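Working notes, beginning with the structure itself.
The values are calculated or read from the model by the stated rules, or taken from the named source; none is laboratory data. What you see is a predicted model, and the numbers here were worked out from it, not measured in a lab. Positions of Cβ are backbone-derived with ideal geometry, glycine not excepted, and every protein chain shown enters the neighbour counts. The area values use the complete protein model at the heavy-atom level, side chains included, leaving out ligands, DNA and RNA. Shrake-Rupley method; radii C 1.70, N 1.55, O 1.52, S 1.80 Å.
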Amino acid sequence: MLSIGLSSAVLGIEAYPVEVEVDISSGLPHFSTVGLPDTAIKESKNRVLAAIKNSGYEFSMKRITVNLAPAAVKKEGAAFDLSIALGILAANGQLSQDRLQKYIVLGELSLDGSVRKVKGTLPIALAAREAGVDGLIIPEGNRKEASVVKGLNVFPVRNLKETVDFLNGRDELSSFSIDLEEEFEDRRNYETDFADVKGQEYAKRALEVAASGGHNILLIGPPGSGKTMLAKRLPSILPTITLDEALETTKIHSVIGLISSRSAIVGTRPFRSPHHTISDVALIGGGSFPRPGEVSLAHNGVLFLDEFPEFHRNVLEVLRQPIEDGVVTIVRVSTALTYPAKFMLAAAMNPCPCGFYGDSQRECTCTPFQIQKYRAKISGPLLDRIDMHIEVPPVKYQELTVDTDGESSLTIRTRVQRARDIQKERFKKFKSVYCNAHMEAKYIRKYCILEKEAEKLLKDAIERLGLSARAYDRILKVSRTIADLEAKEEISSHHIAEAIQYRSLDRNLWM
Amino acid sequence: MADKIEHWLTLNMIPGIGATRGQKLLEHFGSPQSILEANLNELQHVAGIGEYTARQIVSSRDKLDIEKEISRIKKQKVSVVTFSDDNYPANLKSIFDPPIVLYVKGKLLPEDRIAIAMVGTRRPTTYGKMVAEKLSKELAEREISIVSGLARGIDTSAHKGALSCGGRTIAVLGCGIDICYPPENRALFDEIGERGVVVSEFPMGTRPEKMNFPMRNRIISGLSLGVVIVEAGFRSGALITAGCALEQGREVFAVPGNIFNLGTKGSHSLIKQGAKLVEECEDIIEEIRCLRDVLPVSPAIKSLRKVKLSSEEERVYNLLSFEPIHIDLISKQSGLVINRTSSVLMNLEMKGKIRQVVGKMFLRVPEAQ
């Protein structure tokens with residue numbers, strides 16, 4: 001007997017339908033799975049047979065062939081377990097064929113027949129709505145994530161028996177739905193807040209400017225100076241995430257299986273901080289079954305790279321393309337996948353290998369040559385994509401200035417939002433530009449109009465302070481943002497002066 | 001003439017022959033050529049040259065690849081000044097053990113006789129670097145050549161200070177002149193080679209070995225009329241230079257520092273022993289007779305340095321001292337918001353009134369005299 005069921009799998013961040021065909025014929029007992037399965041799928045026969053038996057169904061082993069169509073696309077993961085089990089029962093006559101073909105089924109089986117959570121539910125749910133099926137049967141743990149998609153019946157199941165009873169019409173399941181807006185609203189609060197940061201006024205101001213213009217930023221300071229603490233709070237002052245942005249981000253997180261069973265949607269801007277031993281594939285995405293990397297998980301949020309120079313050189317170099325384009329394209333012989341990766345980069349580094357260069361409390365043990373080598377690990381082209389470098393002072397200076405409570409993230413975010421609104425208006429004609437950081441050279445000349453005095457100051461600064469030519473455009477962009485924060489049309493000299501302060505690495509203070 | 005230089009170079013390259021023995025041989029034989037042609041017996045009987053050294057001369061003098069040395073010299077655009085040359089530095093000639101040969105990049109001038117050496121620790125404080133830069137700049141503005149060792153720290157600051165006002169500076173190396181040590185000073189090395197002069201007594205390709213540096217130090221003090229020690233620890237190499245200076249009859253000066261900083265123990269002990277304490281460049285000039293005639297900086301340059309400050313700039317400037325303080329603290333004490341403080345500090349820096357050091361800290365630049 002033959003049975004055909006529906007399931008779905010994810011390629012890139014989009015889902016495609018998979019038909020699960022099961023054929024049972026007489027012959028020597030044998031179980032084979034075809035359709036380019038990976039090891040997890042091949043092993044599913046063991047889980048499936050045990051689950052069927054332990055759920056109390058009669059089954060005697062015959063010759064079973066499972067085909068996952070389209071047969072030419074590689075498939076991975078345990079999410080076909082439930083579908084295969086239902087197919088076997090249908091082919092065996094224990095389940096109604098007609099209803100099976102009306103639902104897309106997902107779920108990993110445990111040996112006792114219960115259904116476990118799977119990855120990629122959100123893209124699959126979106127595809128299911130397009131496919132126009134009666135509903136989506138998913139593990140209970142994925143129900144919130146799937147119900148984000150409106151106009152789709154989502155049936156969460158706990159075990160194989162429940163599913164079979166439902167499909168046989170013996171038991172009715174109620175479809176699950178949530179109020180998306182309410183759910184989204186509930187998850188918008190950040191755990192961290194700038195009010196917790198005492199002192200550090202200069203660093204905080206710099207982060208505010210960076211957030212306002214979407215500028216990538218490099219924090220430099222000795223160990224324990226609070227670089228990570230500051231960077232962690234950066235998402236909380238970025239403009240509030242919109243529902244559309246949140247859905248995009250949730251989709252990527254869903255593919256990796258990062259959405260917890262209690263949440264439906266990512267309601268805050270993501271903050272990703274991979275360790276510096278990360279490989280280039282893990283950072284950017286890829287692999288033999290391509291999956292999104294950290295840059296895509298940070299989509300619409302912040303990618304924080306601590307110990308920046310310690311990252312492998314090739315890892316840092318692959319970062320350049322997504323910073324520039326906002327997407328990652330992974331090309332395989334058969335397909336080309338595109339993952340969105342529009343993030344703000346925050347990097348942190350010590351001033352020198354030992355970490356204490358310039359610290360008045362501890363003596364630095366590095367030679368200037370070592371420091372030079374350490375700094376040279378960040379290539380010029382990469383540094384070119386970072387508009388601001390700021391120094392975070394050692395703890396001593398923080399203590400000296402602590403006596404007032406810091407501003408809350410909300411207060412700062414309001415100002416950031418205002419500056420962003422001005423930029424949105426400015427760039428409304430452009431498709432991919434939405435903040436000052438993304439301005440191309442020709443638009444810099446158009447939109448960064450300097451007052452006479454400001455022009456003179458910038459020229460003097462470049463000559464006297466030994467600023468590099470590449471610093472010129474960055475200073476203009478950042479000063480544009482500073483002027484936007486004051487809602488000023490023209491850039492005056494104090495805007496330029498402040499912007500120059502955010503170019504620490506261009507100065508020859510280090511040797 | 002050409003083959004004569006070869007002889008000088010060979011003599012300089014024979015192992016076991018340093019400046020002292022080289023001088024003794026020269027005194028006895030008159031020219032390097034006759035030293036190289038002398039037999040074992042003749043060599044043995046020169047005072048201060050034993051049998052062992054004499055054998056070494058005989059055995060190694062023909063094995064040295066002098067052609068290679070000459071081609072390297074040509075390739076690196078280095079010139080050689082021998083002890084008998086007219087342009088051999090006059091100051092150096094008068095010391096007990098002058099080098100027989102100097103490898104030179106750039107040009108030695110007769111004016112370099114009026115020179116002051118400035119040396120100190122390789123791990124200076126910000127204060128030390130500022131002092132070295134300021135003093136060497138002021139001395140160089142008065143057309144005094146600044147001699148130092150191109151090492152990290154104070155030496156680097158001393159060279160930079162002199163170059164910053166277009167003055168002359170002499171770098172003395174402890175390695176072959178084709179090697180730049182420390183490597184990060186490459187740019188400085190090249191600049192001194194163009195606008196000042198780099199010298200070394202060591203053959204091409206000599207590595208910067210530990211034992212070379214005390215030998216180099218005697219040249220630093222030998223080239224100068226006096227030695228200024230800016231920040232030296234208790235066992236600093238700068239103290240060796242000071243010792244050489246005393247042996248050679250040069251003046252020794254020392255700049256006081258912070259007594260809590262161990263890095264100034266050496267310079268303070270020099271002051272206790274009678275080195276002259278230096279606060280400004282006049283302290284150096286008045287001590288050395290031939291320096292007194294050197295012209296002071298013209299008043300025109302002085303007036304250029306006067307700049308006007310706005311009231312906010314004045315307020316921030318008055319808060320600053322010669323100890324670096326952090327921008328957050330400046331903002332708090334001045335009552336200006338942080339972005340305002342930021343831009344005011346940048347303006348002050350552009351006006352040359354203050355400077356920034358690592359860690360977003362600011363301090364005053366001392367007023368030039």
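Below, the figures for the structure above:
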item: First in segment A:360-388 and more than 27 Å from A:LEU476 (Cα to Cα) and away from chain B (no Cβ under 11 Å), second anywhere and among the polar types (S, T, N, Q) and part of a loop (DSSP other than H, G, I, E, B), Cβ under 9 Å, 6 or more apart; result: A:TYR374/A:ASN350
item: Condition broken by A:ARG418, with the remaining ones in (1) open to solvent by 30 Å² or more (accessible area, probe 1.4 Å); (2) assigned to a loop (DSSP other than H, G, I, E, B); (3) not small (Gly, Ala, Ser) satisfied; result: (2)
item: Boolean, A:ASP134 is among the acidic types (Asp, Glu), over 25 Å from the mean Cα position of the chain (by Cα) and more than 21 Å from A:TYR57 (Cα to Cα); result: yes
item: Near pairs, Cβ below 6 angstrom, 6+ apart or cross-chain, from segment A:15-32 (without any contact (Cβ under 8 Å) to a residue 40 or more places away in the chain and more than 17 Å from A:GLU43 (Cβ to Cβ)) to any residue that is open to solvent by less than 20 Å² (accessible area, probe 1.4 Å) and aromatic (Phe, Trp, Tyr); result: none
item: Failed condition for B:LYS308, given (1) away from chain A (no Cβ under 12 Å); (2) in a helix (DSSP H, G or I); result: (2)
item: Positions within segment B:337-369 being assigned to a loop (DSSP other than H, G, I, E, B) and more than 11 Å from chain A (Cβ to nearest Cβ), in sequence order; result: B:LYS353, B:VAL365, B:PRO366, B:GLU367, B:ALA368, B:GLN369
item: Strands (runs of 3 or more DSSP E) wholly inside segment A:135-242 that include at least 3 residues being farther than 30 Å from A:LEU345 by Cβ; result: A:135-139, A:154-157
item: Scope segment A:483-496; condition facing another protein chain (nearest Cβ under 9 Å) and within 18 Å of A:LYS456 (Cα to Cα); matching residues; result: A:SER493, A:HIS494, A:HIS495, A:ILE496
item: Filter result (within 11 Å of chain B (Cβ to nearest Cβ), at pLDDT below 90 and open to solvent by less than 20 Å² (accessible area, probe 1.4 Å)) within segment A:461-482; result: A:ALA461
item: Residue within segment B:125-147 that is buried (at least 21 other Cβ atoms within 10 Å of the Cβ), away from chain A (no Cβ under 14 Å), in contact with a strand residue (DSSP E or B) (Cβ under 6 Å, 6 or more places away or on another chain) and assigned to a loop (DSSP other than H, G, I, E, B) present; result: yes
item: In segment B:157-177, residue farthest from the other protein chains (Cβ to nearest Cβ) [restricted to those that are touching a residue at least 40 places away in the same chain (Cβ under 8 Å) and assigned to a loop (DSSP other than H, G, I, E, B)]; result: B:ARG168
item: Any chance A:LEU122 is open to solvent by 10 Å² or more (accessible area, probe 1.4 Å) and within 21 Å of A:PHE184 (Cβ to Cβ); result: no
item: Residue in segment B:316-323 that is at pLDDT 85 or above and over 22 Å from B:LYS353 (Cβ atoms) present; result: no
item: Positions within segment B:313-336 being open to solvent by 30 Å² or more (accessible area, probe 1.4 Å) and more than 10 Å from chain A (Cβ to nearest Cβ), in sequence order; result: B:GLU314, B:ARG315, B:ASN318, B:LEU319, B:SER321, B:PHE322, B:GLY335
item: Failed item, numbered, when B:LYS276 is tested on (1) modelled with pLDDT of 85 or more; (2) more than 20 Å from B:GLY120 (Cα to Cα); (3) of a type outside the set (Asp, Glu); result: (2)
item: Among (1) under 29 Å from the mean Cα position of the chain (by Cα); (2) not assigned by TED's automatic domain parsing to the domain that holds A:ARG99 - the single one A:PHE155 does not satisfy; result: (2)
item: Number of the exception - A:ARG272 against (1) in contact with a Phe, Trp or Tyr (Cβ under 8 Å, 6 or more places away or on another chain); (2) of a type in the set (D, E, K, R); (3) surrounded by fewer than 18 Cβ atoms within 10 Å (Cβ to Cβ); result: (3)
item: Filtered residues of segment A:1-38 (kept if of a type outside the set (S, T, N, Q) and assigned to a loop (DSSP other than H, G, I, E, B)); result: A:MET1, A:GLY12, A:ILE13, A:GLY27, A:LEU28, A:PRO29, A:GLY35, A:LEU36, A:ASP38
item: Qualifying residue in segment A:251-265 (condition: under 30 Å from A:LEU383 (Cα atoms) and part of a loop (DSSP other than H, G, I, E, B)); result: no
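Yes/no matrix, rows are residues, columns are (1) within 15 Å of B:ASP97 (Cβ to Cβ); (2) open to solvent by less than 70 Å² (accessible area, probe 1.4 Å):
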{"position": "B:GLU6", "(1), (2)": "no, yes"}
{"position": "B:LEU11", "(1), (2)": "yes, yes"}
{"position": "B:GLU27", "(1), (2)": "yes, no"}
{"position": "B:GLN33", "(1), (2)": "no, no"}
{"position": "B:GLU42", "(1), (2)": "no, no"}
{"position": "B:VAL46", "(1), (2)": "no, yes"}
{"position": "B:GLU51", "(1), (2)": "no, no"}
